[in-house]
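Working notes, beginning with the structure itself.
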Amino acid sequence: MDPRNVRPGELETWAAGRGCDAGVARKLLSTVFQRGVLDPSRWMAESQIPRRLAEAVSPLPLPRLTLDASVVSPGDGFQKLRFRTSEGLALETVLIPLHKPGAVSLCLSSQVGCAMGCTFCATARMTSRRNLQAWEIIDQFLQAREIVRGQGRRVTGAVFMGMGEPFLNYDHVLTAADLLRCSSAGSIGAKAITISTVGLVPEIDRYTREGHRYRLAISLGAATDAKRRELVPVASRWPVAEVVAAARRFALARRCRVTLAYVCIAGVNVGEDDAQALGVLIGDTPVRVDLIEVTDPSGRYAPPTTAELQAFRDALTRHVGQPIVRRYSGGKDIQAACGTLAGVG
Ligand code: SF4
C-alpha cells in the first residue's frame, strides 16, 4: 500500500484495519505530502507513526519518478520538467507562472503518450503509451512543488492538461485529484483543480454523477462534426452535440461554467461561420470559451494572425454571448505549450 496511490478515505480504512484512527492516517498523509518524508523508516521517529503502519507500507522503498531534464523558458518563465518512469518512458510536467506573484499552477500528465490522436498534438505522435499510476501523477506534484518552493514560490493550482486523456485513466486521475485537494495532503482548493477531456461522454456523465467539485474543461476543436472529426478523431464516436449536452448536465448539476477549450487554427476553424455554429451549439449552456492559438511544431497547422483572432473573438462575442477568454499557451520556445509535449527538448 502506497499512500500516494489511494484516496484519503481508503487510507483511513486501511489504517483502521491496523488499529489506527483517522488522525493517524491524516498524520501519515501530512508527513508524506507536506513534510516530504517518503521513507517509512523515518515516520516513527519524525511523526510518531506506529511501526505496524509504517511496516505495512509497500513497495519499499516507495518508488519515485526520475527527473532527467528541467528547462525554463527565457521568454515567459514557463518551466518544463521531464521525468522517466521505472521503465524509462518520458512524461512531462509544466510549471505555469500565474498573474498572482509567487503563484504557480502545475500542468500534470495523466498518461505516457495519448491514444486520442488529435492531429494538432505532438503527444499523439509518441509511440509509447500507458496510463500513469496515481503515485506517478502525485510524484510529479511533489517533485515540482519542491522546485517551486526552492524558488520562493508556491503551488496554488493543478490542471490535468499535460500528456494524455485524463478520462481514459479515470480512477487514477480522480485518486490523484482527491489527494491534491485533501487538506492533510496537497491542500489545493477544489476549484483550483481542473480536469480536462477531449470529450468522452460516458466519463463526463460519470464525473457529474459522482459529484466531484473540481472544474471541467472540454477540448472542443470545432463546432461541427465534420471539422471536429478532422482535428479530434474521437469525435466520430460522440457527436459534438452529445459532448455539449454532457457539458450542460455537468454545468447545471454543479452550478458552474464548463470551460470549452478551442484551439484556433488559421483557415480551419476561426471563420464567421465557425463562430455562428459555436453559438448555436452552445445555446444557453453555461460555458467559458478559452481561445488557444495552435502550436504545431510539425508545421501542418498555423495560428491565426492577430487580426484573424480578434475578428473571431468579436464574432464569438456576438454569437455566443458568454465569457470568451484568450488563454496564453506559454513555453513555446521550450516545447511546453499546449499540444507540444512529447518527451523531447
Ligand atoms: S490534445 Fe490531449 S487528448 Fe488530444 S492527443 Fe493531445 S494529449 Fe491526447
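The values are calculated or read from the model by the stated rules, or taken from the named source; none is laboratory data. What you see is a predicted model; the values in this text were computed from it and never measured. Neighbour counts run over all protein chains shown; Cβ positions are idealised from the backbone, glycine included. The protein model used for the area step is the full one, side chains on, heavy atoms only, and it has no ligands, DNA or RNA in it. Shrake-Rupley method; radii C 1.70, N 1.55, O 1.52, S 1.80 Å.
Details
- Among (1) open to solvent by 60 Å² or more (accessible area, probe 1.4 Å); (2) outside any helix (DSSP H, G or I) - the single one residue 194 does not satisfy: (1)
- Residue among 316, 309, 341 that is surrounded by 15 or more Cβ atoms within 10 Å (Cβ to Cβ) and within 16 Å of the ligand (Cβ to nearest atom): 341
- Tabulated pairs, the range 318-340, first more than 21 Å from residue 95 (Cα to Cα), second of a type in the set (D, E, K, R) and away from the ligand (no atom under 16 Å from the Cβ), C-beta under 6 angstrom, 6+ apart or interchain: 323/288; 324/313
- Only one entry in 100, 80 is within 26 Å of residue 192 (Cα to Cα) and in contact with a helix residue (DSSP H, G or I) (Cβ under 6 Å, 6 or more places away or on another chain), namely 80.
- Residue under evaluation residue 174, criteria (1) within 23 Å of residue 7 (Cβ to Cβ); (2) open to solvent by 20 Å² or more (accessible area, probe 1.4 Å); (3) away from the ligand (no atom under 16 Å from the Cβ); (4) not small (Gly, Ala, Ser), criterion not met: (2)
- Considering residues of the range 132-154 that are under 15 Å from residue 168 (Cα atoms) and outside any helix (DSSP H, G or I) only, the residue nearest to the ligand (Cβ to nearest atom): 132
- Selected residue (only one of 215, 237, 249 is touching a strand residue (DSSP E or B) at 6+ places or on another chain (Cβ under 7 Å), outside the structural domain of residue 12 (by TED's automatic domain parsing) and of a type outside the set (A, V, I, L, M)): 215
- Looking across the range 212-232, the residues that are in contact (Cβ under 8 Å) with a residue 40 or more places away in the chain and open to solvent by less than 50 Å² (accessible area, probe 1.4 Å) come down to 216, 217, 218, 219, 220, 221, 222, 223, 231, 232.
- Scanning the range 245-302 for residues that are touching a Cys at 6+ places or on another chain (Cβ under 9 Å) and β-branched (Val, Ile, Thr) yields a count of 5.
- Residue selected from the range 102-131 under the condition closer than 23 Å to residue 185 by Cα, open to solvent by less than 10 Å² (accessible area, probe 1.4 Å) and in contact with a Lys or Arg (Cβ under 7 Å, 6 or more places away or on another chain), by the criterion farthest from the ligand (Cβ to nearest atom): 103
- Test: residue in the range 184-203 that is more than 16 Å from the ligand (Cβ to nearest atom), modelled with pLDDT of 95 or more and farther than 26 Å from residue 288 by Cβ: yes
- Annotation note: of 240, 280, the sole residue that is modelled with pLDDT of 95 or more and away from the ligand (no atom under 16 Å from the Cβ) is 280.
- Residues that are of a type in the set (Gly, Ala, Ser) and open to solvent by 10 Å² or more (accessible area, probe 1.4 Å), drawn from the range 132-163: 150, 152, 162
- Strands (runs of 3 or more DSSP E) within the range 1-97 that include 2 or more residues of a type in the set (D, E, K, R) and over 16 Å from residue 134 (Cα atoms): 79-84
- Answer residue from the range 319-338, given it is hydrophobic (A, V, I, L, M, F, W, C) and away from the ligand (no atom under 16 Å from the Cβ) and is farthest from the chain's Cα centre (by Cα) among those: 320
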